[in-house]
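Participant: Can you read through this structure? Questions will come right after.
The values are calculated or read from the model by the stated rules, or taken from the named source; none is laboratory data. This is a predicted model, so every value here is computed, not measured. Each accessible area value is taken on the protein alone, full model and side chains, heavy atoms only, with ligands, DNA and RNA left out. Shrake-Rupley method; radii C 1.70, N 1.55, O 1.52, S 1.80 Å.
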Amino acid sequence: MANDGPSQPSRQEIHDAFGFLYQQLSNAYWVASTIEDKDRIHGISDSVFDILTQLNREDIQSRTDDFKALAKSVADAGTRLDSLKADIDQIIHVVKVASDVTAAIDKALGMAAKYFPM
Amino acid sequence: MTANSVTAAFDTVEQSYYQTQIQTLIVNYDKNGFNPKSIKPFLTSDDLEVRAKILGGLQEYAQKMSDVVSDQHVTEFDTQTKAFGQALVDLKGNPVLKNIAAGVPDTGLNILTTAVDSLGRWFIDYKRQKNLPTIIGDMQKPVDGICTLFIADIGSRPDDSGRGGHGLRDQLWRQYDSLLQLQDEFIQKSKDKFDPKTKAEEIAKLPLLVAEQKKADNTLKATQDALQKLSETHKALTKAFEKNNPSLEELISQLYAEGQRVKTFYEGLGKK
């Protein structure tokens with residue numbers, strides 16, 4: 001059965017209603033002439049500010065799960081780049097080992113020649 | 001840099017929210033006193049941690065990408081092959097091998113070293129060309145998603161009627177509105193107790209807050225623009241690596257450049 005009742009207002013619609021009220025109160029604050037009036041208006045304004053804060057908080061929190069889902073993709077890309085970097089480092093390492101071995105052979109032969117004159 | 005700006009956006013709103021609560025406490029202290037539970041953060045640590053983790057991950061991704069793409073590896077490889085070439089020359093000159101290696105000219109060793117260098121460089125390029133397009137391509141959707149979510153988190157400031165705002169920009173804008181009223185109330189309530197200098201200083205804070213409100217909002221807006229650019233730049237990076245079908249002219253140019261590099265490398269051998 002179709003629901004013919006009034007539709008639920010969106011978070012933004014609620015936000016706009018309270019935002020408008022807050023702005024009206026703010027305008028009223030600056031034209032109020034006595035400190036008592038200002039104090040009273042600011043007291044109401046404060047409560048509306050708390051509601052708007054809660055709405056903004058909920059708006060931001062509504063995306064936290066989406067961020068959590070994306071965190072894995074970012075970590076995966078980092079791991080894959082690490083692996084690629086390791087592959088490239090390995091190529092450099094192989095030549096370094098070859099160079100070290102060649103130098104070590106040179107040194108060993110030099111020492112050997114001193115002890116076992118040919 | 002963009003990641004730092006986004007972190008700063010959250011920090012700015014959090015600090016300003018704290019400041020608003022402190023100012024409220026100061027103005028209403030005589031009436032309400034102090035309740036330790038009244039000071040609260042704007043966002044929970046769970047909300048902030050996951051965002052910080054994402055931003056840290058993006059920074060690491062950019063750093064690792066820069067490491068892999070940079071010439072640092074190739075330069076290091078050249079250094080290592082040069083050292084290898086020199087080690088071969090030294091070995092050939094070793095008295096024990098002198099007789100055996102007498103027939104091997106230095107030019108031959110240089111050719112061998114250059115071949116090792118060219119092959120290694122080609123292999124490094126091959127590894128990059130084979131892996132990077134996939135990694136960057138797979139990251140495009142998450143990068144787009146992250147930028148869209150952060151842009152939505154930052155939101156928009158309210159219009160002049162007070163409508164249309166949401167997210168960090170709305171929150172920060174309203175906090176400044178509140179701070180302005182609190183500062184004004186503070187002055188109104190204490191104006192008879194201020195000395196002229198203090199009174200002037202406190203009043204001067206009002207227009208400063210108005211200017212700061214606009215400046216802070218513009219900074220958040222600029223961060224949104226930077227996030228938009230980040231997504232576009234990453235897209236361009238994907239296209240750059242997808243471009244695996246260069247024109248003949250480009251190929252010749254690349255070949256020439258590679259030839260020049262090999263020549264320079266070759267000529268540099270044996271010169272310490």
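Participant: Just to confirm the number: angle between the C-alpha axis of helix A:11-31 and the first principal axis of chain A, 0 to 90 degrees, nearest 10?
Facilitator: Around 60 degrees separate the two axes.
Participant: Also, quick follow-up: I want to verify the translational diffusion coefficient of the stretch A:11-115 in µm²/s; compute it with Stokes-Einstein, Rh as the Kirkwood radius over Cα pairs, at 25 °C and 0.890 mPa s.
Facilitator: Working: Rh = 20.7 Å.
The diffusion coefficient I find is 119 µm²/s.
Participant: At a probe of 1.4 Å, how much accessible area disappears from chains B and A on forming the pair, both sides counted, to the nearest 100 Å²?
Facilitator: About 6100 Å² of accessible surface is lost on pairing.
Participant: Let me ask something else. For the pairs B:K191/B:K215; B:K64/B:K214; A:K96/B:K53, note any where the Cα-Cα span goes beyond 30 Å. If you can, show how the numbers build up before the last one.
Facilitator: On the way: B:K191/B:K215 28 Å; B:K64/B:K214 37 Å; A:K96/B:K53 37 Å.
Among B:K191/B:K215; B:K64/B:K214; A:K96/B:K53, the Cα-Cα distance tops 30 Å for B:K64/B:K214; A:K96/B:K53.
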